[in-house]
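First the structure, in the form of structure tokens, and then the observations on it.
The values are calculated or read from the model by the stated rules, or taken from the named source; none is laboratory data. Because the structure is predicted, anything quoted here is derived from the model rather than measured. Note that each Cβ is placed from the backbone with ideal geometry, even for glycine, and that neighbours are counted across all protein chains shown.
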Amino acid sequence: MKSGRTSGTLGLAALALVSSPFAVADEAGWYGGFNIGQSKSKIDDTRITSGLLGGGFATTSISDDDRDTGYKIFGGYRFNRNFALEGGYFDLGKFGFTATTVPAGTLNGNIKLRGLNLDAVGILPITGKFSAFGRIGLNYAEARDTFAGTGFVNVLNPNPSKRDTNYKFGLGVQYDFTQSFGMRVEAERYRIDDAVGNKGDIDLVSVGLVYRFGGKTPAPAPRAAAPEPIAVAPAPQPAAVTPPPPQPAAVTPPPAPRKVTFSADSLFGFDKATVTPAGKQALDKFAADLRGVDFDVITVTGHTDRLGPHAYNMELSARRAEAVKAYLVETAGIPAGKIAARGTDGSNPVTKPGECAGEKATRQLIACLQPDRRVEVEVSGTR
């Protein structure tokens, strides 16, 4: 076989290997993670057959290996809730084919792809824990080709390789189990140059884990003691009047509703809606002071601070209010129909305007907004 015909065959075969169509608080901080999944490249059998025919060979059969396991290791910095820069190392795996020819022989081709990438990532929060994202960036990939011939097929350059820079893009979704730990599912397309001057696309569909370093970690604020419930003063007795004539007894106005405020940090752990042992002691004391008191209704209102997504704050404050209600019903025996529970999103703060300036959730701001994170219990119609 002439060298010119062999080179043309190898170039078309390499192009076939890489030609492939594509088949959810404060956010600033560093993060890292790992993805693994399936990579795919379409092996262009028509081009392989045409290339071999140009070299004087007829193709009797082609066996393709167009899927492999790919992975990536990444790290990045999230500047705000909608934008991050991310870079890392990727390995898209190995793809190949075996073509059987006449005159008798075979042509085997393989390509391995790995490299580095740098992406701009746009993020769309959907709920407090769930978000979608898209990425576009550059990849610097190394393509290592391996070709081998048997019989009448002669390979002149069995191990060509090349490094080059191309674009990449992708889409995905992320679910955060906690403030620091989450899971991703994403699909990406890598534009790749092979070692003999051809371009193509490799797709990677993967699942991975993400860990955020220092993302929205609350400062260890001193635990505030639960406030003492307000005592109900006994109604004053009318003054005795010496007859005649007797004076009517003074009419005592109905007592005003009493309101008790509990610090959320004293009742619950951070980002939790389960009453802590210390919180149970405070609620037990409150319930004990209600014994023997006739009242119409108890209103339990959960409050968050102004940080974080609206939907998430509403959900958390409502769950905390329901947890206090459930504890009073189960432990103090208060009828559930006499307790109303609701949540708010930080729209009624205790702190004064301008007292806790800033929007980024720093340790100082989280500590300053501690009075706003509370549960208010109001007893109405006490007699």
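Against the definition (modelled with pLDDT of 50 or more, under 25 Å from Ile73 (Cα atoms) and assigned by TED's automatic domain parsing to the domain that holds Phe152), how does Gly54 come out, yes or no? So that I can check it myself, show each step before the final result.
Working: modelled with pLDDT of 50 or more: yes; under 25 Å from Ile73 (Cα atoms): no; assigned by TED's automatic domain parsing to the domain that holds Phe152: yes.
Spelling it out, it is not the case that Gly54 is modelled with pLDDT of 50 or more, under 25 Å from Ile73 (Cα atoms) and assigned by TED's automatic domain parsing to the domain that holds Phe152.
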- prompt: Does the range 173-189 contain any residue that is over 30 Å from Thr60 (Cβ atoms), surrounded by fewer than 21 Cβ atoms within 10 Å (Cβ to Cβ), at pLDDT 95 or above and among the basic types (Lys, Arg)?
  reply: yes
- prompt: Restricting the search to the range 358-378, which residues are surrounded by 15 or more Cβ atoms within 10 Å (Cβ to Cβ) and touching a helix residue (DSSP H, G or I) at 6+ places or on another chain (Cβ under 8 Å)?
  reply: Gln370, Arg373, Arg374, Val375, Val377
- prompt: Going by the structure shown, is Gly37 surrounded by fewer than 16 Cβ atoms within 10 Å (Cβ to Cβ), in a strand (DSSP E or B) and either in contact with a Leu (Cβ under 8 Å, 6 or more places away or on another chain) or not acidic (Asp, Glu) (or both)?
  reply: no
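Looking at the structure I just gave you, is Ala148 touching a Pro at 6+ places or on another chain (Cβ under 7 Å) and not in a strand (DSSP E or B)?
no
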One residue from Asn108, Asn157 being over 27 Å from the mean Cα position of the chain (by Cα), assigned to a strand (DSSP E or B) and of a type outside the set (Gly, Ala, Ser): Asn108
field: Residue selected from the range 309-332 under the condition in contact with a helix residue (DSSP H, G or I) (Cβ under 8 Å, 6 or more places away or on another chain) and of a type in the set (Ser, Thr, Tyr), by the criterion farthest from Phe177 (Cα to Cα)
entry: Thr331
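Run down Gly75, Gly32, Gly88 and say which single residue is surrounded by 17 or more Cβ atoms within 10 Å (Cβ to Cβ), within 21 Å of Met183 (Cβ to Cβ) and at pLDDT 95 or above. I'd like the intermediate steps shown before the answer.
Numbers: Gly75 fails: surrounded by 17 or more Cβ atoms within 10 Å (Cβ to Cβ); Gly32 fails: surrounded by 17 or more Cβ atoms within 10 Å (Cβ to Cβ).
The unique qualifying residue is Gly88.
Within the range 356-365, work out how many residues are more than 14 Å from Gly214 (Cβ to Cβ) and either modelled with pLDDT under 85 or in contact with a Leu (Cβ under 9 Å, 6 or more places away or on another chain) (or both). First the steps, then the outcome.
Applying the first criterion (more than 14 Å from Gly214 (Cβ to Cβ)) to the range 356-365 yields 356-359, 364-365.
Checking which are either modelled with pLDDT under 85 or in contact with a Leu (Cβ under 9 Å, 6 or more places away or on another chain) (or both) leaves us with 356-359, 365.
Residues in the range 356-365 being more than 14 Å from Gly214 (Cβ to Cβ) and either modelled with pLDDT under 85 or in contact with a Leu (Cβ under 9 Å, 6 or more places away or on another chain) (or both): 5 in total.
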query: Considering only the range 127-138, how many residues are modelled with pLDDT under 95 and either more than 27 Å from the chain's Cα centre (by Cα) or surrounded by 15 or more Cβ atoms within 10 Å (Cβ to Cβ) (or both)?
result: 2
query: Only one of (1) in contact with a Gly (Cβ under 8 Å, 6 or more places away or on another chain); (2) assigned to a loop (DSSP other than H, G, I, E, B) is not met by Leu113, so which one is it?
result: (2)
Qualifying position, being under 21 Å from Phe74 (Cβ atoms), modelled with pLDDT of 85 or more and among the small types (Gly, Ala, Ser), among Ala148, Ala141: Ala141
query: Restricting the search to the range 287-322, which residues are part of a helix (DSSP H, G or I), surrounded by 22 or more Cβ atoms within 10 Å (Cβ to Cβ) and over 21 Å from the mean Cα position of the chain (by Cα)?
result: Arg320, Ala321
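Hey, among Thr274, Thr252, Thr242, which residue is modelled with pLDDT of 80 or more and among the hydroxyl-bearing types (Ser, Thr, Tyr)?
Working: Thr252 fails: modelled with pLDDT of 80 or more; Thr242 fails: modelled with pLDDT of 80 or more.
Of Thr274, Thr252, Thr242, the one residue that is modelled with pLDDT of 80 or more and among the hydroxyl-bearing types (Ser, Thr, Tyr) is Thr274.
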